[in-house]
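Read the structure below first, then the notes.
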Amino acid sequence: MTRTGNSTRSSRGRRAESGEGDGEVTSRPDSASRVAKGSDAKRADAESRADRKSRTRQALLDTTLDLVSERSFASISLREVARGAGIVPTAFYRHFASMEDLGVTLVEDSMRVLRRTLRDGRRDLAARQALPTVRTSADILFNQVREDEPAFRFLIREQHGGVAEVRRAIDTERRLFAKELAIDLARLPDLAAWDAEDLELAADLIVTIMLTSVAEYLDSDYRGRGGEREAIDRVERQLVLVFLGMSRWRPRRNR
């Protein structure tokens, strides 16, 4: 009996030391390690999938901008976009519901960048206690156009293009741009007495001039020696005329 008990205890001890049987001391760390490694692998896999999805989505947007550099958005097919991004057509729907959805996303992304750039420029001036001028606004605008020319070409061409969803998105973003500018104008002491409708009217006129100037800058007639400066000078003069007119405008309550 004694030998059997000792033999059993020795056998259990050997199994425990070797990780066999039900030895808790050695099995728990191994199990925890496997669980931790599995969790890390799952997180890494999830992150890599998210990264791949993000890269593919951006590839679809970039491919579209390349394709519309010389063509209308309406003439671009889903197959062309998918092929350019290196995916099969059916995989397109993992990123966008339709080509119209992709076009609207391009509009929103491009206009968001423009609004943020102009907003950051105004904040920088405010931090330096400097007043925004026509020239600084025009410089900020055209610097952004130079950095993201394909997106601006897309916006200018498609504001009167054949895809209704994209046209409406551009109009919506343009109105939002004007509303943000109207809020900035309301902070100017000379315009404090203006009502919201007049401020938005003035802001809409300014935005229209800015987008028209972008179209002129991107037009082939404005390429070549001095073309960029000519476009910038033109928009500066137009905006000066608008601001001069605003200085003489009487708010409705004062008429």
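No lab work stands behind these numbers, since they all come straight from the coordinates. Quantities reported herein were computed from a predicted structural model and do not represent experimental measurements. Cβ sites come from the backbone with ideal geometry, for glycine too, and all protein chains shown count toward neighbours.
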Cβ-defined net charge surrounding Met99, 13 Å radius [Lys, Arg +1; Asp, Glu -1]: -4
Cβ-derived FRET efficiency at R0 22 Å, Glu228 paired with Asp120, nearest 0.05: 0.50
Cα-Cα separations in the range 189-248 greater than 14 Å, expressed as whole percent: 61
Local electrostatic count, Val113, Cβ distance below 12 Å [Lys/Arg +1, Asp/Glu -1]: -2
Mean separation of Cα contacts under 8 Å (6+ apart) over length of the range 144-224, as relative contact order %: 29
Kirkwood Rh and Cα Rg combined as Rg over Rh, evaluated for the range 98-254: 0.98
